[in-house]
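Data first, discussion second: the structure below is written as structure tokens.
The values are calculated or read from the model by the stated rules, or taken from the named source; none is laboratory data. Bear in mind the structure is a predicted one, so any value in this text is a computation, not a measurement. Here the Cβ positions follow ideal geometry from the backbone for every residue, glycine too, while neighbour counts run over all protein chains shown. Side chains are part of the model used for accessible areas, which takes the heavy atoms of the whole protein and leaves out ligands, DNA and RNA. Shrake-Rupley method; radii C 1.70, N 1.55, O 1.52, S 1.80 Å.
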Amino acid sequence: MSATAPLDFYQVGDAVCDELLGLLEKFANETLAKQNTFRLGVSGGSVATILAEGMHDLRSDFSKWQIFFCDERIVPEDDKESTYGVYKRDLLDNYPKFPKTAFYPVNCKLSATDAAVEYEKTIRKAFGQKEGSTEVPSFDLLILGIGPDGHTASLFPEHPLLDEKTVLIAPIENSPKPPPKRVTMTYPLINSAKVCLFGAQGAGKAQILKRILVDNDQSLPVARVNPTKGRLIFVACDEAASLIEGNPSREAKP
């Protein structure tokens with residue numbers, strides 16, 4: 001049986017946005033106090049809106065940030081479904097002092113398969129790994145979303161990619177949620193992160209959050225996120241946490 005990562009659960013009233021941004025600033029600056037680069041993975045959906053609208057206010061040296069995407073839809077960046085497009089419109093276009101070079105977008109002009117291969121190479125290069133390396137990079141922080149079906153990144157329930165053990169960035173041609181063509185981080189890369197951080201807002205997340213944190217329902221992709229050499233953090237508003245009794249925080253388990 002594999003080790004279980006320590007879990008921290010924060011119930012924060014209606015201050016999920018502030019808590020996520022505060023934790024991002026904290027981890028960025030703690031990391032930069034020890035090394036020259038802060039490597040971050042970001043997601044789409046409501047998480048993207050929170051980050052894109054609030055990141056510019058953080059107190060950190062953004063010139064030392066490298067921002068990657070936990071998943072991306074293979075659409076043009078001006079398409080409303082583009083995750084990079086959210087950050088471009090809400091952050092980069094509005095706050096030109098935020099360095100565009102901090103972002104490492106997926107090349108969505110390629111096919112999903114070619115984009116996935118290229119993006120894995122991009123990540124490995126940024127981590128200083130040589131081509132052909134089998135070492136798994138360790139992101140300083142991944143900020144992930146929780147879908148209503150328990151999916152995270154573009155890892156969906158019952159999808160074959162849940163069992164991927166080798167490829168770090170995988171293509172999807174048949175996503176159950178449109179658009180169908182995507183690329184996504186897989187568990188080997190996600191679970192090598194130093195911190196995986198989830199945010200949950202709204203009463204609609206209450207049942208799925210209970211299944212993840214109380215029932216440990218391993219059919220849900222979120223429940224299989226387990227950064228065994230790092231930390232797992234859930235931030236939830238009161239409505240999302242309404243079905244959770246007590247605090248599910250835990251110490252690391254061997």
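Scanning the range 81-102 for residues that are out of contact with any Lys or Arg (no Cβ under 8 Å at 6 or more places or on another chain) and closer than 21 Å to THR152 by Cβ returns TYR84, GLY85, VAL86, TYR87. Annotation: VAL106 fulfils all but one of (1) outside any loop (DSSP other than H, G, I, E, B); (2) buried (at least 21 other Cβ atoms within 10 Å of the Cβ); the unmet one is (1). Could you say which residue among ALA223, ALA200 is of a type in the set (A, V, I, L, M), open to solvent by 10 Å² or more (accessible area, probe 1.4 Å), under 19 Å from the mean Cα position of the chain (by Cα) and at negative phi? Step by step, each of ALA223, ALA200 is checked, and only ALA223 is of a type in the set (A, V, I, L, M), open to solvent by 10 Å² or more (accessible area, probe 1.4 Å), under 19 Å from the mean Cα position of the chain (by Cα) and at negative phi.
Just to be sure, is ASN216 in a loop (DSSP other than H, G, I, E, B), within 18 Å of the chain's Cα centre (by Cα) and surrounded by fewer than 20 Cβ atoms within 10 Å (Cβ to Cβ)? Considered against the rule, which asks whether it is in a loop (DSSP other than H, G, I, E, B), within 18 Å of the chain's Cα centre (by Cα) and surrounded by fewer than 20 Cβ atoms within 10 Å (Cβ to Cβ), ASN216 comes out as no. The single condition from (1) open to solvent by less than 60 Å² (accessible area, probe 1.4 Å); (2) more than 16 Å from the chain's Cα centre (by Cα); (3) more than 23 Å from GLU158 (Cα to Cα) that GLU239 fails is (1). Within the span defined as the range 81-89, one or more residues are within 17 Å of the chain's Cα centre (by Cα), among the charged types (D, E, K, R) and open to solvent by 20 Å² or more (accessible area, probe 1.4 Å).
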